[in-house]
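What follows is a short report on a single structure.
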Amino acid sequence: MKSIMKLWFLLLAMSVSAAPSVAAVAPPAQAAQLQKATFAGGCFWCMEHPFDELPGVISVTSGYTGGHLKNPSYEQVSAGGTGHAESVQIVYDPAKIGYDKLLDRYWHNVDPTVKDRQFCDVGNQYRSAIFYHNEEQHRLAVQSKKALEQSRRFPGPLYTEIVPASEFYPAEEYHQHYYKKNPIRYRYYRNGCGRDKRLKELWGESAGR
């Protein structure tokens with residue numbers, strides 16, 4: 001079930017032209033050392049900013065992953081049935097920021113206590129998931145989830161998946177860095193979705209950090 005609120009804001013975004021985003025380009029020598037991290041935490045509009053601001057993060061791209069359909073469109077993914085999750089793929093410099101730091105930022109921006117939804121967006125396409133790219137990422141992801149479970153911060157189970165990364169398809173250009181292109185609409189959507197209120201309930205003062 002697609003969020004009606006998000007659909008309304010999407011139609012507004014598509015009705016205006018936006019300048020193409022400028023991707024960060026690393027020098028060839030540095031690019032060889034860069035790594036990727038892929039996370040799903042509901043609406044990808046809301047998952048870009050938490051990582052964009054971290055030192056050592058080169059780029060954050062909204063997209064779709066974890067499904068069975070090649071080159072899916074937003075309409076196909078948001079309707080459900082393709083198996084994809086709205087997600088963000090992060091390119092980062094491991095010499096400046098570790099995967100453990102990215103995981104910590106991830107957890108504080110999602111609600112791991114619910115299955116197949118995040119905040120006001122409902123459906124498998126809005127599930128929370130960590131898509132690991134290598135065994136080290138897998139180990140750290142499992143370790144971080146286990147530590148969270150053992151902390152007993154939350155009374156019930158944690159539904160966030162930890163699965164191998166698969167083909168990542170960048171979302172349409174009008175979705176990229178929506179929070180920068182349409183800041184007022186973005187804030188209105190985020191508040192209306194109850195995201196920050198719920199994160200505060202879950203994580204207290206560390207919500208979003």
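Each value in this text was obtained by applying a stated rule to the coordinates, not by laboratory testing. Because the structure is predicted, anything quoted here is derived from the model rather than measured. We place every Cβ from the backbone using ideal geometry, glycine too, and count neighbours over all the protein chains shown.
Could you name the aspartates and glutamates whose alpha carbon sits less than 16 Å from that of LYS200, not counting residues in the same chain fewer than 8 places away?
Correct list for LYS200: ASP104, ASP111.
Per the Kirkwood definition applied to all pairs of different Cα atoms, how many angstroms is the hydrodynamic radius of the stretch 140-203?
Computed over the stretch 140-203, the radius equals 15.1 Å.
Obtain the nm distance between the two label points defined at GLU201 and ASP93 by a simple spin-label model: each point lies 7 Å from its Cα along the Cα-to-C-beta direction.
4.0 nm
What length, rounded to one decimal in nm, is gained on full extension from LYS115 through to TYR159, with 0.36 nm per residue of separation minus their alpha-carbon distance?
Details: separation 44, 0.36 × 44 = 15.84 nm, distance 0.56 nm.
Extra length available between LYS115 and TYR159 comes to 15.3 nm.
For ARG152 and GLN33, what does the FRET efficiency come to when R0 = 22 Å and r is the distance between their Cβ atoms, rounded to the nearest 0.05? Before the final figure, lay out each step's value.
Details: r = 38 Å, r/R0 = 1.74.
E(calc), rounded to 0.05, equals 0.05.
State, to one decimal in nm², a quarter of the convex hull surface area for the C-alpha atoms of the stretch 31-206, i.e. the direction-averaged projected area. Please report the intermediate quantities before stating the final value.
Details: hull surface 40.0 nm².
Convex hull of Cα atoms, orientation-averaged projection: 10.0 nm².
When we measure straight from the Cα of LYS36, which lysines land under 22 angstrom away, once same-chain ones fewer than 8 places off are left out?
LYS70, LYS96, LYS101, LYS145
Give me, ordered by chain and number, the residues 5 or more places off VAL122 or on other chains with an amide H under 5 Å from its own placed amide H.
Amide H neighbours of VAL122, under 5 Å, 5+ apart: SER3.
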